[in-house]
1. Looking at the range 30-55, which of its residues are open to solvent by 60 Å² or more (accessible area, probe 1.4 Å) and either farther than 30 Å from VAL106 by Cα or hydrophobic (A, V, I, L, M, F, W, C) (or both)?
2. Identify, from the list TYR79, TYR94, TYR110, the residue that is open to solvent by 50 Å² or more (accessible area, probe 1.4 Å), of a type in the set (Phe, Trp, Tyr) and either out of contact with any helix residue (DSSP H, G or I) (no Cβ under 6 Å at 6 or more places or on another chain) or closer than 20 Å to GLY8 by Cβ (or both).
3. Which number in (1) over 16 Å from GLY9 (Cα atoms); (2) open to solvent by 60 Å² or more (accessible area, probe 1.4 Å); (3) not acidic (Asp, Glu) marks the one condition that ARG71 misses?
4. Check off (1) open to solvent by less than 30 Å² (accessible area, probe 1.4 Å); (2) in a strand (DSSP E or B) for LEU85 and give me the number that stays unchecked.
5. Mind listing just one residue for me: the one in the range 97-107 that is more than 15 Å from LEU20 (Cβ to Cβ) and of a type outside the set (D, E, K, R) and, of those, most open to solvent (accessible area, probe 1.4 Å)?
Amino acid sequence: QVQLVESGGGLVQPGGSLRLSCAVSGSIVRIYTMGWYRQAPGNQRELVANITSDGSTNYIDSVTGRFTISRDNAKNTVYLQMNSLKPEDTAVYYCNANIRRTWVTVLSPYWGQGTQVTVSS
């Protein structure tokens, strides 16, 4: 069974920082693109940033220059460093990973349980 376990959310004041982590556990052979999504109340879930297995990154415009995504392939972990946080960053943040469990199974997306990030004074 594959699990994605997130940590690092919480309450922070505007201008503050948080670092989210997401660790993949279970029997797998390879993790491809990993990413972070977020969903605010009343909104659809949106991609925040993603990173390929060779380290290429992609960000939505609203977080470019403030957020940094990275990964440690040896630990099967992806991170999201969030700086200069704004109230509009408030949302539940979800980790996503595209995983192949064996060399004969299809590539499938997996999701974490979500972690709340609240930016408020």
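The values are calculated or read from the model by the stated rules, or taken from the named source; none is laboratory data. This one's a predicted model, so the numbers in the text were calculated from it and none came from an experiment. Using ideal geometry, Cβ is built from the backbone for each residue, glycine included, and neighbour counts are taken over all protein chains shown. To get the accessible areas, we keep the full protein, side chains included, count just its heavy atoms, and leave off ligands, DNA and RNA. Shrake-Rupley method; radii C 1.70, N 1.55, O 1.52, S 1.80 Å.
1. Residues satisfying the conditions are PRO41, GLY42, ASN43.
2. On the way: TYR79 fails: open to solvent by 50 Å² or more (accessible area, probe 1.4 Å); TYR94 fails: open to solvent by 50 Å² or more (accessible area, probe 1.4 Å).
After ruling out the rest, the residue left standing is TYR110.
3. Here ARG71 clears every test but (2).
4. The failed condition is (2).
5. Within the range 97-107, the match that is most open to solvent (accessible area, probe 1.4 Å) is TRP103.
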